[in-house]
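Novice: Below is the structure I would like to discuss, written out as structure tokens.
The values are calculated or read from the model by the stated rules, or taken from the named source; none is laboratory data. Just so it is clear, the model here is predicted, and its values are computed rather than measured. Heads up, the Cβs are rebuilt from the backbone with ideal geometry, glycines too, and the neighbour counts pull from every protein chain shown. Only protein heavy atoms, including side chains, enter the accessible area calculation; ligands, DNA and RNA are left aside. Shrake-Rupley method; radii C 1.70, N 1.55, O 1.52, S 1.80 Å.
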Amino acid sequence: IAVTAKLNMRDGVPGGLGVDESLQVARWLQEDGTVDALELTAGSSLLNPMYLFRGEVPIPEFAANFAPPMRLGIRLMGSKFLRAYPYKDAYLLEHAKRFRDELDLPLILLGGITTRDTMDLAMKEGFQFVAMARALLREPDLIRRIADDPATPSLCIHCNRCMPTIYTGTRCPLIE
């Protein structure tokens, strides 16, 4: 069994973990020999959740999961808590390349991996694995379809409306 660990490269909040500190933790894990690979992530689900998700901010959908006083608060103040970050393919690659440059441990690239081209880019940059998330909620068979036809595009539009479904059963709400 492979043992992997998910490690934040950067929390995206003032006073939070930065790339230099995270690299030190990664070095300790590599030296310790207790993990077979690291999956590199970013953000704080409590303090800055959109730093990881990137793309549209689903404030109305998020608010709908709360009781009326909280719902109104999220609708009015949600943009202060759920800050917007633009989506682009392989959006965690730039920070992750520092880890790739400084570690021998196998690394898993996460963040905007939805096409064969992005997977190939990750491999070219020296990552041994990639991780997918939102795109698989929309299309659980996406990996098989990409294997059959490398030009297959993902139908995920990075709207992040799947994010609030954690309260009711994680899924892509754009499909029946």
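Novice: Need pairs with beta-carbon distance below 7 Å; first residue on the phi > 0 side of the Ramachandran plot and within the range 123-138, second surrounded by 15 or more Cβ atoms within 10 Å (Cβ to Cβ); sequence gap 6+ or separate chains.
Specialist: G126/R100
Novice: Against the condition more than 21 Å from I157 (Cα to Cα) and touching a Lys or Arg at 6+ places or on another chain (Cβ under 8 Å), how does E39 come out, does it pass? Outline the logic, then answer.
Specialist: Numbers: more than 21 Å from I157 (Cα to Cα): yes; touching a Lys or Arg at 6+ places or on another chain (Cβ under 8 Å): yes.
Answer is yes for this residue.
Novice: Which residues, counting only those in the range 113-128, are in contact with a strand residue (DSSP E or B) (Cβ under 9 Å, 6 or more places away or on another chain) and either closer than 21 Å to C172 by Cα or crowded, with 18+ Cβ neighbours inside 10 Å (or both)?
Specialist: I113, T118, M119, A122, F127 - these are the residues of the range 113-128 that are in contact with a strand residue (DSSP E or B) (Cβ under 9 Å, 6 or more places away or on another chain) and either closer than 21 Å to C172 by Cα or crowded, with 18+ Cβ neighbours inside 10 Å (or both).
Yes/no per residue for (1) over 28 Å from V35 (Cα atoms); (2) at pLDDT 95 or above; (3) loosely packed, with under 13 Cβ neighbours inside 10 Å; (4) not basic (K, R):
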| position | (1), (2), (3), (4) |
| --- | --- |
| D89 | no, yes, no, yes |
| D101 | no, yes, yes, yes |
| D104 | no, yes, yes, yes |
| R134 | no, no, no, no |
| R145 | yes, yes, no, no |
| H158 | yes, no, no, yes |
| M163 | yes, no, no, yes |
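Novice: Mind checking which residues of the range 36-74 are part of a loop (DSSP other than H, G, I, E, B), charged (D, E, K, R) and surrounded by 15 or more Cβ atoms within 10 Å (Cβ to Cβ)? Spell out the reasoning first.
Specialist: To start, the set of residues in the range 36-74 that are part of a loop (DSSP other than H, G, I, E, B) comprises 36, 42-43, 45-47, 49, 54, 56-58, 64-67.
When the remaining residues are screened for being charged (D, E, K, R), the result is 36, 54, 56.
Hits for the range 36-74 are R54, E56.
Novice: Additional query: Inside the range 86-176, counting only helices (runs of 4 or more DSSP H) that do not spill past its ends, which hold 3 or more residues that are within 17 Å of the chain's Cα centre (by Cα)?
Specialist: Working: elements: 93-102, 116-124, 134-138, 142-148.
Answer list for the range 86-176: 93-102, 116-124, 134-138.
Novice: Continuing with this model, one more query. Run M77 past the list (1) under 30 Å from L103 (Cα atoms); (2) open to solvent by 80 Å² or more (accessible area, probe 1.4 Å); (3) hydrophobic (A, V, I, L, M, F, W, C) and report the number of the one that doesn't hold.
Specialist: Of (1) under 30 Å from L103 (Cα atoms); (2) open to solvent by 80 Å² or more (accessible area, probe 1.4 Å); (3) hydrophobic (A, V, I, L, M, F, W, C), only one is false for M77: (1).
Novice: I'd like to check something: does the range 64-79 contain any residue that is free of Cβ contacts under 8 Å to residues at least 12 places away in the same chain and among the hydroxyl-bearing types (S, T, Y)? Show your work before the answer.
Specialist: At the first step, the residues of the range 64-79 found to be free of Cβ contacts under 8 Å to residues at least 12 places away in the same chain are 66-73, 76-77.
After this cut, where a residue has to be among the hydroxyl-bearing types (S, T, Y) as well, the list is none.
No.
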